[in-house]
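Before any comments, here is the structure.
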Amino acid sequence: MKMNKLFSSIAASAMVLTALAPAAVANAATGHPTAVSGSGVGAYTDGNLPMATSAAENVQDGSATAQSDASVKVIDGFLVLQSVPDFGFGTSVAGQTVPLYDFSDIAKNDGNQNGQLQVIDSRQSTPGAKDGMGFNVTAKLDNFTSSEAKPQKGGNFALTFGRITEEKSGSAFNLITDKDARAEEGATTPTTVLNALDKHSYGNHTFYYKANSNDAKLSVPDNTSAGSWTSVITWTLNGKAV
């Protein structure tokens, strides 16, 4: 008797949980999961892609649908370093300065491979102002090291940042970039790359370094040994201009 009551209680709890659980939403693709031999379209029956517009061959009518997702994160009151680029300078000889060649991702750090430097400023000096508060971006170049462990060099590697321009802007603002911003490897003081001087920096700010241009260039020291040399660039976003 006690056992029957226990089972009855468990069954009742299960029914309540089932009633409260939200129904699953089925986002199934529609169309014709054709299995015609040689069509290249598999026999899908569970609402997954691929879907054909018709169950027959060479038919002009019909349609197929599928659902994907769109999302965005909206922030308010924060300054964000969204993306920084990797730099690849191709092949050179010692004692030469070479332009940016590509956006190699050698060390698997935080950099992207499309040359994008992006800053988002959602700060407001007063509620509702949407003015931003200005910002500053610096870069620091670590010492280059050789994959062949050959450290001898006749000087220091140096990376010069060009005067890049903004592709898109949330608002017009006073932005200063130094075309001769030079970062020498191992330097203790970082190099200022971008300086947004006023309180009109609100918005998404995207800058692109371009390959085969003077947007960035690397000076290779004299007597640098042959081999692959790599370094790390540390980008810092500061909450106010300097």
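Tally Lys/Arg at +1 and Asp/Glu at -1 over every other residue whose Cβ is under 12 Å from the Cβ of S122; what's the total? Don't jump to the answer; show the numbers that get you there.
Values: positive: K73, R123, K130; negative: D76, D121, D131.
So the surrounding residues net to 0.
For the stretch 215-222, backbone phi angles converted through the Karplus equation (6.51, -1.76, 1.60; θ = phi - 60°) give residue-by-residue couplings of 4, 7, 8, 10, 9, 9, x, 4 Hz, Gly and Pro being listed as x. Largest to smallest in accessible area, the residues K153, K179 fall in the order K179, K153 (1.4 Å probe, all protein chains included). Between A187 and D222, the simple label model (points 7 Å from Cα in the Cβ direction) yields a spacing of 2.1 nm.
Give the carbon-plus-sulfur fraction of the accessible surface of the stretch 78-239 in %, rounded to a whole number; probe 1.4 Å, heavy atoms of protein chains only. All intermediate terms of the calculation are to be shown ahead of the outcome.
Working: 3890 of 8310 Å².
Percent of accessible area from carbon and sulfur atoms in the stretch 78-239: 47.
Each residue was assigned an accessible area with a 1.4 Å probe, and for M133 the value is about 80 Å². Each part gets one Cα centre, and for the stretch 109-137 versus the stretch 82-100 those centres are 25 Å apart.
Once you list every other residue whose beta carbon is under 15 Å from the beta carbon of V74, what net charge do they have if Lys and Arg are +1 and Asp and Glu are -1?
Numbers: positive: K73, R123, K130; negative: D76, D121.
Overall, the nearby charge balance is +1.
Which sequence of R163, R123, R182 reflects their accessible areas, 1.4 Å probe, from the largest down?
Details: R163 145, R123 30, R182 120 Å².
Largest accessible area first, the list is R163, R182, R123.
The length gained by stretching the chain between N112 and T236 to full extension, at 0.36 nm per residue less their Cα-Cα distance, is 43.1 nm.
Taking H32, H205, H200 and ordering them by how much accessible surface each has at a 1.4 Å probe, largest first, produces H200, H32, H205.
The values are calculated or read from the model by the stated rules, or taken from the named source; none is laboratory data. Model, not experiment: these values are computed from the prediction. A quick note on method: Cβ atoms are made from the backbone with ideal geometry, for glycine too, and the neighbour counts reach across all protein chains shown. All accessible areas refer to the heavy atoms of the entire protein, side chains included, with ligands and DNA or RNA removed. Shrake-Rupley method; radii C 1.70, N 1.55, O 1.52, S 1.80 Å.
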